[in-house]
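S.K.: First the structure, then my questions, so here it is.
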Amino acid sequence: MFSDKKNILILFLGLVILFFAYFSYEQNKVIGVLNQEIIKLANQRQKTVLEKYSIQRELDKIQGEQELDTVMLDSLQFSTEDMLKVER
């Protein structure tokens, strides 16, 4: 009589352990997929940040060139005005 109850208990505990093992396996699969997605999104973000940095550097370079052109034009304009004053 105790043998039957003991066997049923062992079988039940074995099924519980099997259920938790399967549940753990499924969780690990989901975690693996989520980790891959996180890595993919991190790579995309890094790429975006690098592109933004590159574009910002290019914009700064262009703005610097425009400022230099403006300064050069202003100096040319002043020198032209000075030449006209000297001629008068």
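The values are calculated or read from the model by the stated rules, or taken from the named source; none is laboratory data. Everything numeric here is computed off the predicted structure, so don't read it as measured data. As a convention, Cβ positions derive from the backbone with ideal geometry for all residues, glycine included, and neighbour counts pool all protein chains shown.
S.K.: Taking Ile55 and the conditions (1) over 17 Å from the mean Cα position of the chain (by Cα); (2) of a type outside the set (S, T, N, Q); (3) modelled with pLDDT under 95, which numbered condition does it fall short on, given that it satisfies the others?
M.R.: With (1) over 17 Å from the mean Cα position of the chain (by Cα); (2) of a type outside the set (S, T, N, Q); (3) modelled with pLDDT under 95 applied to Ile55, the lone miss is (1).
S.K.: When both residues are 6+ apart or on different chains and their Cβ atoms are under 6 Å apart, which pairs have a first residue that lies in region 32-46 and is small (Gly, Ala, Ser), and a second that is assigned to a helix (DSSP H, G or I)?
M.R.: none
S.K.: Further, regarding this structure: Taking Glu81, is it surrounded by 10 or more Cβ atoms within 10 Å (Cβ to Cβ), out of contact with any Cys (no Cβ under 8 Å at 6 or more places or on another chain), modelled with pLDDT under 75 and not small (Gly, Ala, Ser)? Let's see the steps before the verdict.
M.R.: On the way: surrounded by 10 or more Cβ atoms within 10 Å (Cβ to Cβ): yes; out of contact with any Cys (no Cβ under 8 Å at 6 or more places or on another chain): yes; modelled with pLDDT under 75: yes; not small (Gly, Ala, Ser): yes.
Judged against the criteria, Glu81 is a match.
S.K.: Let me ask you something else. Take Asp4 and tell me if it is surrounded by 10 or more Cβ atoms within 10 Å (Cβ to Cβ), of a type outside the set (Ser, Thr, Tyr), assigned to a helix (DSSP H, G or I) and modelled with pLDDT under 95. It would help to see each step written out before you state the result.
M.R.: Working: surrounded by 10 or more Cβ atoms within 10 Å (Cβ to Cβ): no; of a type outside the set (Ser, Thr, Tyr): yes; assigned to a helix (DSSP H, G or I): yes; modelled with pLDDT under 95: yes.
For Asp4, the condition - surrounded by 10 or more Cβ atoms within 10 Å (Cβ to Cβ), of a type outside the set (Ser, Thr, Tyr), assigned to a helix (DSSP H, G or I) and modelled with pLDDT under 95 - is not met.
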